[in-house]
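Colleague: The structure is given below, and queries will be raised subsequently.
Computed from the coordinates by the stated procedures, all read-outs in this text should not be read as laboratory data. Predicted, not measured: the structure shown is a model, and the values here were computed from it. Counting neighbours? That spans all protein chains shown, and the Cβs are built from the backbone with ideal geometry, glycine included.
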Amino acid sequence: MKKIHITLLSCFLILVSSCVNNLDEYNVDQKNASDEVPPVTLFTNAVKELSDALMTPNVNVNNYRFYAQHWTSTQYLDEPRYNMTSRLIPQNMWDRLYRNTLMDLKESKRLLSADNFIEEDIKNNQMAQIGIMEVYAWSVLVNTFGDVPYTEALNPDITLPKYDDAQTIYNDILSRLDQSLDLISVDADGFEDGDLFYNGDMEKWVKFGNSLKLKLALVIADSDAAQAQTLAEEAAANVFTSNDDNAAFPYMGAEPNNNPVSSNVKGQYSTREDYVAASTLVDAMNDRNDPRRIQYFSQVDGEFIGGRYGFENSYANFSTVSEKIADPTQEGVLLDFAEVSFLLAEAAERGYSVSGTAVEHYTSAVTASITYWGGSASDVTAYLAQPSVNYITAPGGWKQVIGTQKWIALYNRGYDAWLEWRRLDAPNLQPPEVDGASALVIPLRMIYPVNEQTLNGANRAAAAEAIGGDSGETALFWDVN
């Protein structure tokens with residue numbers, strides 16, 4: 001009997017040892033969630049939070065569509081008249097970028113760094129994916145506020161972080177972008193299921209990183225021409241080459257993973273009638289018989305009619321958001337082939353050594369935008385043949401020609417449209433003229449959050465003085481023209 005017991009015990013131990021790797025696995029609670037979040041989960045959530053912040057039209061968070069005059073309001077006029085203090089707009093955008101995006105990316109990187117069992121090439125690729133998204137998020141913060149906490153940010157031991165010089169931050173994130181690109185091995189995987197842009201295809205991430213590098217290079221083209229040229233020329237050969245390369249977040253049909261626009265405009269998830277298309281954009285597209293109008297806007301009695309920007313507008317009398325834009329599954333684009341092609345056209349005009357001419361890249365940009373929105377080849381041909389659109393005959397210098405078409409193509413991407421308007425000063429947008437009010441100025445930056453004034457007052461005050469005043473009228477370091 002004793003021999004039988006020993007034999008049974010030995011068989012049991014062999015069976016158990018074949019199922020577990022170490023004794024810690026005996027203590028895994030199979031019925032409750034783990035308190036350790038995998039790096040990929042944090043990465044995915046950070047990318048979604050960044051996309052949500054840039055895509056939402058919620059007036060408490062994101063008013064960039066107003067600043068670019070793509071949309072205007074029906075009755076609430078503070079936001080299209082650039083009031084940043086009646087709501088917690090700066091605070092909410094600040095929190096989404098720092099707390100929801102950058103903090104998750106930092107923790108994802110920490111956990112990944114501590115993993116000693118992952119293959120080196122895969123680990124490097126995942127680090128690169130995190131790093132590229134960190135650079136994207138930091139660029140939005142700098143290009144929105146100017147000087148911001150950076151070297152002392154995201155550190156729980158530093159409750160009152162200092163603000164760093166915006167240009168210094170910008171130079172550092174450009175270096176970090178290069179470091180991330182250098183980590184990539186296209187023959188290995190990155191985050192796969194958690195990579196909702198490219199499913200771990202690192203060749204796509206090389207293109208995305210270089211396209212972002214090209215974009216950030218052109219942002220500083222007027223303030224640091226030599227560095228901009230060097231960076232743009234380094235990036236140009238490895239950027240997006242078609243709409244298949246676009247960095248776009250794939251929203252789903254059910255809340256909370258739906259396109260944020262669908263939660264804020266009349267449709268499946270909302271009955272709100274707060275927004276109509278601005279006549280500024282609608283009139284410009286009507287004048288050019290633009291084939292994208294049907295994808296951008298609704299119609300009123302068969303016509304596209306924009307509301308007067310910065311004034312009350314009846315929802316029923318003006319075009320509003322199209323069903324496509326309001327679709328819960330409409331993707332959120334962070335960077336696309338059309339934008340990259342416009343950047344290459346600009347680089348060619350500035351005399352940079354890039355393949356192709358300004359005309360060729362401009363034509364590719366317009367074509368990519370129209371076809372992305374469902375237009376046909378004949379739509380593209382007819383549109384580009386118009387004297388007001390054709391690169392050779394369109395009025396104004398190259399900044400006006402490229403800037404106007406880029407502004408149209410960046411519809412539903414308010415932050416980027418606002419960024420490009422500030423850079424290129426095109427088209428010639430004007431603030432609403434309001435009787436009995438001081439002259440309004442289209443914001444050149446967002447003011448610092450109210451919490452920074454009350455909780456980190458000394459550092460915020462020093463930053464405000466350094467940039468020339470905590471005002472929407474203060475130009476950022478690269479906005480020199």
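Colleague: Convert 4 °C to kelvin, take the viscosity as 1.567 mPa s, use the Kirkwood radius over C-alpha pairs of segment 72-170 as Rh, and evaluate the Stokes-Einstein diffusion coefficient in µm²/s, rounded to a whole number.
Modeller: Value of D from the Cα-based Kirkwood radius: 82 µm²/s.
Colleague: With bins 5 Å wide starting at 0, give me the P(r) of segment 423-481 over every alpha carbon pair, in whole percents.
Modeller: The calculated distribution, bin by bin, is 4, 15, 20, 20, 16, 13, 9, 2.
Colleague: Taking only Cα atoms of segment 318-437, what ratio of Rg to Rh do you get with Rh as the Kirkwood inverse-distance radius?
Modeller: Radius of gyration over Kirkwood radius for segment 318-437 works out to 1.00.
Colleague: Given the C-alpha atoms of segment 266-305, compute the convex hull and give its volume per residue in Å³.
Modeller: Normalising the Cα hull of segment 266-305 by residue number yields 79 Å³.
Colleague: Return one number: the angle in degrees, 0 to 90 and rounded to the nearest 10, between the long axis of the Cα atoms of helix 358-372 and the longest principal axis of the Cα atoms of the chain.
Modeller: The answer is roughly 70 degrees.
Colleague: Still on this structure, please answer the following. Cα-based Rg (one decimal) and Dmax (whole number) for segment 285-330, in Å?
Modeller: 11.2, 31
Colleague: Give me Rg/Rg_expected for segment 223-366, where Rg uses Cα atoms only and Rg_expected = 2.2 N^0.38 Å with N residues.
Modeller: Relative to the 2.2 N^0.38 Å estimate, segment 223-366 comes out at 1.30.
Colleague: Tell me, how many Å apart are the Cα centres for segment 420-481 and for segment 144-167?
Modeller: Comparing the Cα centres of segment 420-481 and segment 144-167, I get a distance of 19 Å.
Colleague: What percentage of all Cα-Cα pairs in segment 125-195 are separated by more than 17 Å?
Modeller: Percent of Cα pairs beyond 17 Å in segment 125-195: 51.
Colleague: When you take every Cα atom in segment 299-380, what is the radius of gyration, and what is Dmax, the widest Cα pair distance, in Å?
Modeller: Cα only, segment 299-380: 17.3, 51 Å (Rg, Dmax).
Colleague: Same structure, new question: Taking 27 Å as the cut-off for C-alpha to C-alpha distance, list the pairs among Lys123/Lys324; Lys106/Lys324; Lys109/Lys162; Lys48/Lys266; Lys48/Lys215; Lys106/Lys204 that go past it. Don't jump to the answer; show the numbers that get you there.
Modeller: Working: Lys123/Lys324 38 Å; Lys106/Lys324 35 Å; Lys109/Lys162 23 Å; Lys48/Lys266 23 Å; Lys48/Lys215 21 Å; Lys106/Lys204 23 Å.
The answer is Lys123/Lys324; Lys106/Lys324.
Colleague: Against the longest principal axis of the chain, how steep is helix 414-424, in degrees 0 to 90 to the nearest 10, with axes from Cα atoms?
Modeller: Helix 414-424 sits at roughly 60 degrees to that axis.
Colleague: For segment 311-358 and segment 359-417, compute the distance between their C-alpha centroids and round to whole Å.
Modeller: When both Cα centres are located, 9 Å separates them.
Colleague: Expressed as a rounded percentage, what relative contact order does the chain have, with Cα pairs under 8 Å and six or more residues apart?
Modeller: 19 percent
Colleague: Give me the Debye-computed log₁₀ of I(q)/I(0) at q = 0.05, 0.06 Å⁻¹ for the chain, equal point scatterers on Cα only, no solvent, two decimals.
Modeller: Per q value, in the given order, log10 I(q)/I(0) is -0.21, -0.30.
Colleague: Most exposed first by the Cβ proxy, i.e. fewest other Cβ within 10 Å, how do Tyr309, Tyr76 rank?
Modeller: Tyr76, Tyr309
Colleague: Cα-based Rg (one decimal) and Dmax (whole number) for segment 104-240, in Å?
Modeller: Considering segment 104-240 through its Cα atoms, Rg and Dmax are 15.6, 46 Å.
Colleague: Collect residues whose amide H, placed 1.01 Å from N in the peptide plane, falls under 5 Å from the amide H of Leu335; neighbours closer than 5 in sequence don't count.
Modeller: Ala247
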